[in-house]
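Peer 1: The structure is given below, and queries will be raised subsequently.
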Amino acid sequence: MPAVIPAQPRARLLWLPAMGVAARHYVPFAQALCARGIAVFIHDWRGNGSSSLRPSRAVDWGYRELLELDLPAAAAAMAARLEMDASILGGHSLGGQLGACFLGQNPGQARRFWLVASGAPYWRAFPPRTRWWLPLVYRFLPWLAARIGYLPGRRIGFGGNESRSLIRDWARTALSGRYAAAGMPADLEAGMARLLVQARGVVLDRDWLAPTSSLRFLLSKLPHAQSHIRVLDGRALGALADHFTWMKHPGPVVSALLADD
């Protein structure tokens, strides 16, 4: 697990990437946080980056494996390398969603929760111009993944090559608005509803994949959290304020996350 650690850290962050994005792409973001005293540990999702697994018809996993196996292992590895009380959990896109689910089941893992370009994929949480066609996509992608054995995201331009069960779990949430993991008996929605954390979200104003409305819907599942949302436009970012460009221009995002810190 890549880590960027300052000489005298004042907090530690476990960062969860977007679907199909390898940990190495967040190193500039981690370096910018390190300069502000935050130690950053970047998780690589199963099937991406440094992971030894790749999805196929014979190799499959869903949210259950990520929440019950991989994220606890990542949190334990971070704690073994840097022990401290001031912990933050954060994520980009799918990483933010699964971070909320994980925290709901493990509330002692972090006191603060950061979301960048993240939000629930629930189709009703999107603006009207996007909302009407999303259910078609959410039905097509699981069908394609089941037919091929995995989702060929590299070829179709959505995510990476993703396991079919992960896409099925994701699409179920996108259609229903409720989080659940097949084969996992825990009530993810109830866990999030009990969370007491400080949540800070950053929205990029040209990000159609995670508009403000989808972030607000995700945060509505954390009714007891102290939530704050900051919207950055292209002028504030110094670049196109979309779902991915901020990763190459992380300074304004870091400042937004650390505002009032």
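Peer 1: Considering only DSSP beta bridges where both residues belong to the chain, give the percentage that are antiparallel (nearest 5). Don't skip to the answer; put the middle values down first.
Peer 2: On the way: 5 of 32 bridges.
Among the beta bridges of the chain, antiparallel pairing accounts for roughly 15 percent.
Peer 1: What whole-number value in Å² describes the accessible area per residue of the chain for a 1.4 Å probe? Please list the in-between numbers first.
Peer 2: On the way: 11440 Å² over 261 residues.
Per-residue value: 44 Å².
Peer 1: Moving on to the next point. Each residue of the range 39-49 in order: what ³J(HN,Hα) in whole Hz does its phi give by Karplus 6.51 cos²θ - 1.76 cosθ + 1.60, θ = phi - 60°, with x for Gly and Pro?
Peer 2: 7, 10, 10, 10, 6, 9, 4, 3, x, 10, x
Peer 1: Please name whichever of SER87, ALA236, LEU258 sits farthest to the positive end of the charge dipole of the chain, dipole taken about the Cα centre and charges placed at Cβ: Lys and Arg +1, Asp and Glu -1.
Peer 2: The one lying farthest along the dipole's positive direction is ALA236.
Peer 1: For ALA236 and GLN31, compute 0.36 nm times the residue count separating them, minus their Cα-Cα distance, and round to one decimal in nm. Numbers along the way, then the final one.
Peer 2: On the way: separation 205, 0.36 × 205 = 73.80 nm, distance 1.95 nm.
Length difference between fully extended and current span is 71.8 nm.
Peer 1: Under a point-charge model restricted to the Cβ atoms of Lys and Arg (+1) and Asp and Glu (-1), what is the dipole moment magnitude of the chain relative to its Cα centre, in debye to the nearest 20?
Peer 2: Working: 30 positive and 17 negative charges, 123 e Å.
Dipole about the Cα centre, nearest 20: 580 debye.
Peer 1: 222 nm [θ] for the chain, helices only, -39500 (n - 2.57) per DSSP H run of 4+, per residue, to 500? It would help to have the intermediate numbers written out before the result.
Peer 2: Values: 11 runs with 92 residues, N = 261.
Calculated at 222 nm, the ellipticity per residue is -9500 deg cm²/dmol.
Peer 1: Accessible surface of LEU240 in the full protein assembly, 1.4 angstrom probe, to the nearest 10 Å²?
Peer 2: 90 Å²
Peer 1: Set the Förster radius R0 to 30 Å, insert the Cβ-Cβ distance between LEU69 and ARG178 as r into 1/(1 + (r/R0)^6), and round the FRET efficiency to 0.05. Mind dumping the intermediate values first?
Peer 2: On the way: r = 22 Å, r/R0 = 0.74.
After rounding, the FRET efficiency stands at 0.85.
Peer 1: Still on this model: If you rank ASP260, ASP205, ASP70, ASP85 by how much accessible surface each has, with a 1.4 Å probe, what is the order from largest down? Before the final figure, lay out each step's value.
Peer 2: Numbers: ASP260 150, ASP205 80, ASP70 30, ASP85 120 Å².
The ranking, largest first, comes out as ASP260, ASP85, ASP205, ASP70.
Peer 1: Farthest toward the dipole's positive end in the range 36-158, which of TRP132, ALA146, ASN106, given Cβ charges of +1 (Lys, Arg) and -1 (Asp, Glu) about the Cα centre?
Peer 2: TRP132
Peer 1: While we're on this one: The range 1-88: which trypsin sites (Lys or Arg not before Pro) are DSSP loop and have at most 12 other beta-carbon atoms within 10 angstrom? All intermediate terms of the calculation are to be shown ahead of the outcome.
Peer 2: Values: sites: ARG10, ARG12, ARG24, ARG36, ARG46, ARG57, ARG64, ARG81; in loops: ARG10, ARG36, ARG46, ARG57.
Hits after loop and neighbour filter: ARG10, ARG57.
Peer 1: Hey, another quick one. Please calculate the 1.4 Å probe accessible area of TRP208, with all protein chains present, and give it to the nearest 10 Å².
Peer 2: Accessible surface of TRP208 is approximately 140 Å².
Peer 1: Would you mind telling me the share, in percent, of accessible area of the chain contributed by carbon and sulfur at probe 1.4 angstrom? It would help to have the intermediate numbers written out before the result.
Peer 2: Working: 5910 of 11440 Å².
Roughly 52 percent of what the probe reaches on the chain is carbon or sulfur.
Peer 1: Between the range 31-66 and the range 1-23, what's the alpha-carbon centroid distance in Å?
Peer 2: Taking the Cα centre of each part, the range 31-66 and the range 1-23 sit 10 Å apart.
Peer 1: Net charge near LEU94: determine it from the other residues with C-beta under 11 Å of the C-beta of LEU94, scoring Lys and Arg +1 and Asp and Glu -1.
Peer 2: Values: positive: none; negative: GLU162, ASP169.
So the environment of LEU94 carries a net charge of -2.
Peer 1: Also, quick follow-up: Can you run phi through the Karplus equation (6.51, -1.76, 1.60; θ = phi - 60°) for the range 184-194 and list ³J(HN,Hα) in whole Hz, with x for Gly and Pro?
Peer 2: These are the phi-based 3J(HN,Hα) values: 10, x, 4, 8, 5, 5, 5, x, 5, 5, 8 Hz.
Peer 1: Quickly work out the ILE148-to-LYS248 label distance, labels modelled 7 Å from Cα along the C-beta direction, and quote it in nm with one decimal.
Peer 2: 2.6 nm
Peer 1: Just to be sure I understand the model, the point goes 7 Å from the Cα along the line to the Cβ. What's the resulting LEU258 to LEU136 distance in nm?
Peer 2: 4.5 nm
The values are calculated or read from the model by the stated rules, or taken from the named source; none is laboratory data. Because the structure is predicted, anything quoted here is derived from the model rather than measured. For neighbour counting, all protein chains shown are included, and Cβ atoms are generated from backbone atoms with ideal geometry for every residue, glycine included. Each accessible area value is taken on the protein alone, full model and side chains, heavy atoms only, with ligands, DNA and RNA left out. Shrake-Rupley method; radii C 1.70, N 1.55, O 1.52, S 1.80 Å.
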